[in-house]
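Just so it is clear, none of the values below were taken in a lab; they were calculated from the coordinates. Computed from a predicted structure; not experimentally measured. Backbone-built Cβ (ideal geometry, glycine too); neighbour counts: all protein chains shown.
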Amino acid sequence: MEIPYNVAPRPDTGLYNAKLGVWLFLASEVMLFGALFSSLILLRSGAPSWPRGWEELNVPLATINTFVLIFSSVAVVMAWANFRLGEFKKGRLWLGVTLLCALGFMVIKGFEYAHKFHLHHYPSTSNFFAIYFVMTGLHGLHVLGGVVVFSYFAGPGAKMYFTERQRYTNRIEVAGLYWHFVDLVWIFLFPTLYLL
Amino acid sequence: MTDHTAHAAHGDEHLADAHDHHNDPEAIAKELKVYWMVFGGLAILTGITVGLCYGFDLPVHTAIIVAMIVALIKGFLVAGFFMHLLNERKLIYSILGITVFFFAVLLWGPWHHVYDLMK
């Protein structure tokens with residue numbers, strides 16, 4: 001049985017189903033991260049003392065990661081635009097750039113975590129490190145999720161481009177929406193944890 | 001053709017037109033320019049936040065205000081242009097409206113706690 005409205009928009013919503021689905025998923029993600037931001041504010045405001053982020057964390061590395069994620073957001077819209085133009089090779093190349101950025105982000109984050117463990121800073125060390133590891137860890141899991149999805153679309157999933165081009169392009173669009181959300185979360189995580 | 005099917009056919013034509021425009025090379029070329037401009041804006045704003053909050057070591061309350069204003073502008077750029085929220089269907093706005101409401105409820109709790117501490 002064919003899944004309806006995976007290419008053409010549904011007349012009543014004006015959206016193809018995957019796009020509506022991903023927006024509903026992102027709404028639930030806002031609540032997930034919202035609960036953690038809420039916890040951070042509560043912990044910080046209730047603590048007798050709280051370190052400034054840059055006293056404990058590596059701001060230059062996190063700044064590089066911010067640029068990496070921003071660039072990956074551009075890379076994914078470039079991929080989507082090229083697929084829409086019928087430029088498969090260029091589109092796939094930009095998907096590869098997105099993947100490299102995501103992996104680069106994880107490698108940098110790995111160095112950061114390794115340094116923290118070297119200094120014996122663990123989630124159990126303080127509330128600051130507990131919320132730092134939980135929030136950046138959950139964000140990192142989302143980045144890994146993006147790596148899995150983009151690896152599939154750049155690899156075996158790319159075959160769909162030659163049989164159902166518009167459906168494949170739509171898949172890149174909704175994966176891109178997820179990826180921009182991951183970028184958006186980092187835009188708020190970075191100053192909140194590292195700079196304030 | 002019944003009114004219902006005529007309406008549906010008209011709707012499909014409209015959506016097909018929108019779809020053609022969606023893949024128009026000229027429109028896409030314009031979009032690409034916008035994406036690179038947004039990237040430039042995001043990079044500059046990142047530099048501003050790091051420079052002010054880290055380089056100048058602003059007092060914590062000032063740093064919070066500056067960092068959140070810049071983060072909100074960056075968030076607007078990502079959501080508005082990369083996620084195309086500036087030109088999206090009403091249904092998406094409705095979903096996000098409900099989300100923003102409940103997100104505000106989540107933040108209201110700790111804000112209330114901070115307010116109590118300040119009294």
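The HN-Hα couplings worked out from phi for the range A:134-144 by the Karplus form 6.51 cos²θ - 1.76 cosθ + 1.60 (θ = phi - 60°) are 5, 5, 6, x, 5, 5, x, 4, 5, 5, 4 Hz, whole numbers, x standing for Gly and Pro. About its Cα centre, the dipole of chain A is roughly 420 debye, where the only charges are +1 on Lys and Arg Cβ and -1 on Asp and Glu Cβ. With the simple spin-label model, which puts each label point 7 Å out from Cα in the Cβ direction, the B:TRP108 to A:LYS90 separation comes to 4.9 nm. Pairs exceeding a 21 Å alpha-carbon distance, out of A:LYS90/A:LYS159; A:LYS19/A:LYS89; B:LYS30/B:LYS90; A:LYS19/B:LYS74; A:LYS19/B:LYS90; A:LYS19/A:LYS109: A:LYS19/A:LYS89; B:LYS30/B:LYS90; A:LYS19/B:LYS74; A:LYS19/A:LYS109. Positive-end ranking of A:PRO4, A:TRP186, A:VAL74 along the dipole of chain A, with charges on Cβ about the Cα centre, is headed by A:PRO4. Peptide B:63-72 is shielded by partner chain Cβ atoms: per residue, an average of 4 of them sit within 10 Å of its Cβ.
With a 10 Å cut-off around each Cβ of B:102-112, the average count of Cβ atoms from other chains is 5. For the residues of A:28-40, the average number of beta carbons from a partner chain within 10 Å of their own beta carbon is 3. If one computes the Cα centroid of the range A:119-154 and of the range B:43-97, what distance in Å separates the two points? Going from one Cα centre to the other spans 21 Å.
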